[in-house]
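The values are calculated or read from the model by the stated rules, or taken from the named source; none is laboratory data. Everything quoted here is computed from the prediction, not taken from an experiment. Positions of Cβ are backbone-derived with ideal geometry, glycine not excepted, and every protein chain shown enters the neighbour counts. In case anyone asks, the SASA skips ligands and DNA or RNA and just uses the protein heavy atoms, side chains included. Shrake-Rupley method; radii C 1.70, N 1.55, O 1.52, S 1.80 Å.
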Amino acid sequence: MTAAPSPEVLRAPLVVEFPFTRSLGPVQSAFLTGLRERTVLGVRTSDDRVLVPPVEYDPVTAAELRELVEVAPTGTVTTWAWNPAPRPRQPLPTPFAWVLVRLDGADTALLHVLDAPGPDAVRTGMRVRIRWAGERSGAITDIACFEPYEGPQAARPVPHSGEFADPVTGIVTPARLDYTYSPGRAQTAYLGALADRRTVGERCPSCRKVYVPPRGACPTCGVATGEHVEVGPRGTVTTYCIVNIKAKGLDIEVPYVYAHIALDGAGLALHGRIGGIPYDQVRMGLRVEPVWTSNGRFPDHYRPTGEPDADYDAYKELL
């Protein structure tokens, strides 16, 4: 059966976000706690270089580094790039420059932002100083930004014990990616058919395999696919796994089964959750059918049809 393609390729904003949690060793703990106290620490290497931000192991010799020193809150811009349109959650809401700043007393540069009225006010070699955040918690954002500075270069770094009251021992950093996703012609047709509770794939004109979901081209033959083929709705469980860890925000009780399901007429299996049967009764060859919720744009899960299990030879090429 052939289905008409969707008249308009879909586009939608997507956000991928998760918290990244890490514990801090003695060097990073001292560095971030120092920022909370308006103190910038670096670490000295065996060849007398000072690295800022500090690292725990020498990038050249791999030797352990523990000799902390305090450097100045002033420095020199070594290179820069203008950002005319800041994105949400970037350090400044107005246009700014990304800068690498070699703080006085350091031999390496620190990446941060410079608050400047425009790109004409920024240059390599300009002098800058730290503008501290009003509220500090022990994070790189305790440096609100850098700002232009006309003063002289500070003295050499001085030794520091790295000891502070109530040291920061761990941080949680949100990782976030905002982007606009377009599934393309093939998957737009696939998603449009799902809205009508149909599953539509595309057939390769060379090997004749039906891809569900469609990819727009056959990865085996390297040719475009264009013939729309409706498959299913019933299918066969080819392989599966039992999930025993509950995902945050997912309202499904564990254990449950997630399976590869080869829909009738498809040339490869797709993913789907199995319901309507105890998890320990799911098996390879189980015949299943989709279950839709009232407003669902895709099957909520698949349940047994009651048919006899499929013979292994019928799906062995789809494992």
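For region 156-179, the candidate set comprises residues that are β-branched (Val, Ile, Thr) and in a loop (DSSP other than H, G, I, E, B); within that set, the residue that is least open to solvent (accessible area, probe 1.4 Å) is Val168. Here Pro59 does not fit the description of being part of a loop (DSSP other than H, G, I, E, B), open to solvent by 50 Å² or more (accessible area, probe 1.4 Å), in contact (Cβ under 8 Å) with a residue 12 or more places away in the chain and not small (Gly, Ala, Ser).
Taken together, Pro299, Pro290 contain a single residue that is in a loop (DSSP other than H, G, I, E, B), buried (at least 17 other Cβ atoms within 10 Å of the Cβ) and in contact with a Gly (Cβ under 9 Å, 6 or more places away or on another chain), which is Pro299.
Only one entry of Val9, Val52, Val40 meets the criterion of being surrounded by fewer than 18 Cβ atoms within 10 Å (Cβ to Cβ), hydrophobic (A, V, I, L, M, F, W, C) and touching a residue at least 40 places away in the same chain (Cβ under 8 Å), and that entry is Val9. From Pro167, Pro183, grab the single residue that is farther than 30 Å from Val69 by Cβ and touching a helix residue (DSSP H, G or I) at 6+ places or on another chain (Cβ under 8 Å). When all the criteria are applied, what remains is Pro183. When the residues of region 238-262 are filtered to those that are aliphatic (A, V, I, L, M) and closer than 18 Å to Pro304 by Cα, the one that is farthest from the chain's Cα centre (by Cα) is Ala262. Give region 17-75 a look and list any residue that's modelled with pLDDT of 95 or more and of a type in the set (S, T, N, Q), or say none. Once the filter is applied, which keeps residues that are modelled with pLDDT of 95 or more and of a type in the set (S, T, N, Q), region 17-75 yields Gln28, Ser29, Thr33, Thr39, Thr45, Thr74.
Residue-wise test of (1) acidic (Asp, Glu); (2) under 28 Å from Thr188 (Cβ atoms); (3) in contact (Cβ under 8 Å) with a residue 12 or more places away in the chain.
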site: Val257; (1), (2), (3): no, no, yes
site: Leu263; (1), (2), (3): no, yes, yes
site: Val282; (1), (2), (3): no, no, yes
site: Arg287; (1), (2), (3): no, no, yes
site: Thr293; (1), (2), (3): no, yes, no
site: Phe298; (1), (2), (3): no, yes, yes
site: Thr305; (1), (2), (3): no, no, yes
site: Leu318; (1), (2), (3): no, yes, yes
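Say whether the condition of being touching a Pro at 6+ places or on another chain (Cβ under 9 Å), aromatic (Phe, Trp, Tyr) and closer than 30 Å to Val15 by Cβ is met by at least one residue in region 90-102.
Scanning region 90-102, I find at least one residue that is touching a Pro at 6+ places or on another chain (Cβ under 9 Å), aromatic (Phe, Trp, Tyr) and closer than 30 Å to Val15 by Cβ, so the answer is yes.
Cβ-Cβ distances below 6 Å connect the following pairs, each with a first residue in region 13-31 that is part of a helix (DSSP H, G or I), a second residue that is charged (D, E, K, R), and a separation of six or more residues or different chains: Val27/Glu56. Could you list, ordered by first residue, the pairs with Cβ atoms under 7 Å in which the first is in region 213-231 and without any contact (Cβ under 8 Å) to a residue 60 or more places away in the chain and the second is of a type in the set (D, E, K, R) and assigned to a loop (DSSP other than H, G, I, E, B), at least 6 apart or interchain? Qualifying pairs under 7 Å: Cys218/Lys209; Val231/Asp264. Taking region 71-133 and the strands (runs of 3 or more DSSP E) fully enclosed by it, the elements with 2 or more residues that are open to solvent by 70 Å² or more (accessible area, probe 1.4 Å) are at 96-103, 127-132. Given the structure, is Ala314 open to solvent by 70 Å² or more (accessible area, probe 1.4 Å) and more than 26 Å from the chain's Cα centre (by Cα)? It is true that Ala314 is open to solvent by 70 Å² or more (accessible area, probe 1.4 Å) and more than 26 Å from the chain's Cα centre (by Cα). Determine whether Val231 is touching a helix residue (DSSP H, G or I) at 6+ places or on another chain (Cβ under 9 Å) and either closer than 30 Å to Gly34 by Cβ or modelled with pLDDT of 95 or more (or both). Considered against the rule, which asks whether it is touching a helix residue (DSSP H, G or I) at 6+ places or on another chain (Cβ under 9 Å) and either closer than 30 Å to Gly34 by Cβ or modelled with pLDDT of 95 or more (or both), Val231 comes out as no.
Scanning region 32-52 for residues that are over 17 Å from Val158 (Cβ atoms) and in a loop (DSSP other than H, G, I, E, B) yields a count of 2.
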